[in-house]
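Inspection log for the structure reproduced underneath, given as structure tokens.
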Amino acid sequence: MMNKNWNREFPEVPEHVHQTVLSTLAGLDEGKGKRVKRMKKGKMIILIAAAVAVLGTTVSAAEIFKWNRRATEVFVADEEQQKELVTEQIAQDSSQTVTDAGLTIQAVQTIQDNNCFYALFEITAKDESIQITQDHSMSFLFDFPDGESPFGALGWHFVDEESQAVSNSRYFEIIGTKTRPESKDLHMKIQFTSLNAPGAKAMDGEPILEGNWEFTLDLHTTEPVRYELNREYKIAGCDIMIRTVELTPISAKLSCDLEDARQLEKLEGVNLDQTDSLASLFINGIKYQDGTIIEEEGYQEPLIRFENGVYEKTARLTTVIDPDKVSALLVGGSMDEIALP
């Protein structure tokens, strides 16, 4: 029993829960655990305790952490979906708070997969006369593993005033689309340096409070459901060769022949070389095997890449889905179907 590596036996759960269970088991090994009367088989007691601990923490991982209200507006999910994403480590409680120079920053929650990343912070000024609006900004620095950013697109902002009233406290969001999935977790450091007054368009204003607020966030990868299609589909009246589709609960990626994408480019009057997006391939809905259609009405942060004769689009979904139940992607204004096997 003393040689058992319980760290490898337990499922992924919040660290404080994990350590509590380990301490309990250690106490049992040392004869310090709570005694159970009329049980003579010591090993059986330990095995039962371990089983209860494992079952208990498996439930607790999804039960202890409740999604933030703002996160549920960005990723629409019912309670069961929220629990599942916590269990799968797609949604996580960041549990980090730093106070300096009269400003408290709390890393509230992350939601991410192999394609996209969302981090929610809460910024609170001790001085209640400092009223933070959507036009304020935060200055910060990123420190990525190996110095190379894993993101192809990255943006940040305070939430708008329709989502949160003006006060001395406001939510701040960082949203990114990853260029490539990683084979292991990466540790990204974010160092906030100042809260800034509203400035000119696309420019930060003068610093209001300056300090040092540093956080470390893990970048996770998630195994997608992948379909090798290599089939032509009728999209916006054109025959488009769709190569692959990848789905996770919060994102979708599709690739097609670049030559076919150029047909849609000409049809729409856009310029792919100037990073224009193809409306014909915008994911407007998800169709389930039972015929249910989940409409995508919110804004998606897409990442467009094309090289080696392939056009690839990655999009964050605004509604959490069950990838195993999807029968088709619905794209463009006419909701053309990209049927999946």
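The values are calculated or read from the model by the stated rules, or taken from the named source; none is laboratory data. Small disclaimer: the values here were computed from a predicted structure and weren't measured. As a convention, Cβ positions derive from the backbone with ideal geometry for all residues, glycine included, and neighbour counts pool all protein chains shown.
Among the residues of the stretch 290-312, the ones that are surrounded by fewer than 12 Cβ atoms within 10 Å (Cβ to Cβ) and outside any loop (DSSP other than H, G, I, E, B) come to 1 in all.
None of 307, 265 is touching a helix residue (DSSP H, G or I) at 6+ places or on another chain (Cβ under 9 Å), at pLDDT 90 or above and not hydrophobic (A, V, I, L, M, F, W, C) except 265. Quick one: in the stretch 145-162, which of the residues that are loosely packed, with under 15 Cβ neighbours inside 10 Å and part of a loop (DSSP other than H, G, I, E, B) is modelled with the lowest pLDDT? By that ranking, first place goes to 148.
Criterion applied to 307, 337, 246 was being more than 30 Å from residue 157 (Cα to Cα) and touching a strand residue (DSSP E or B) at 6+ places or on another chain (Cβ under 7 Å), and the one residue passing it is 337.
Counted as qualifying within the stretch 173-278 are the strands (runs of 3 or more DSSP E) with 3 or more residues that are over 20 Å from residue 120 (Cβ atoms), in contact (Cβ under 8 Å) with a residue 24 or more places away in the chain and not assigned by TED's automatic domain parsing to the domain that holds residue 141, namely 225-235, 238-248, 251-257. Scanning the stretch 197-219 for residues that are closer than 23 Å to residue 109 by Cα and modelled with pLDDT of 90 or more turns up 211, 212, 213, 214, 215, 216, 217. Looking only at the stretch 313-341, which residues are surrounded by 19 or more Cβ atoms within 10 Å (Cβ to Cβ) and acidic (Asp, Glu)? Residue satisfying the conditions is 336 alone. Taking the residues in the stretch 247-283 that are among the acidic types (Asp, Glu) and over 11 Å from residue 311 (Cβ atoms) as candidates, determine which candidate is surrounded by the most Cβ atoms within 10 Å (Cβ to Cβ). That would be 268. Residues in the stretch 100-131 that are assigned to a strand (DSSP E or B) and either in contact (Cβ under 8 Å) with a residue 40 or more places away in the chain or surrounded by 18 or more Cβ atoms within 10 Å (Cβ to Cβ) (or both): 20 in all. Among the residues of the stretch 174-192, is any over 25 Å from residue 220 (Cα atoms) and polar (S, T, N, Q)? Scanning the stretch 174-192, I find no residue that is over 25 Å from residue 220 (Cα atoms) and polar (S, T, N, Q), so the answer is no. Residues in the stretch 91-132 that are of a type in the set (D, E, K, R) and closer than 30 Å to residue 225 by Cβ: 93, 113.
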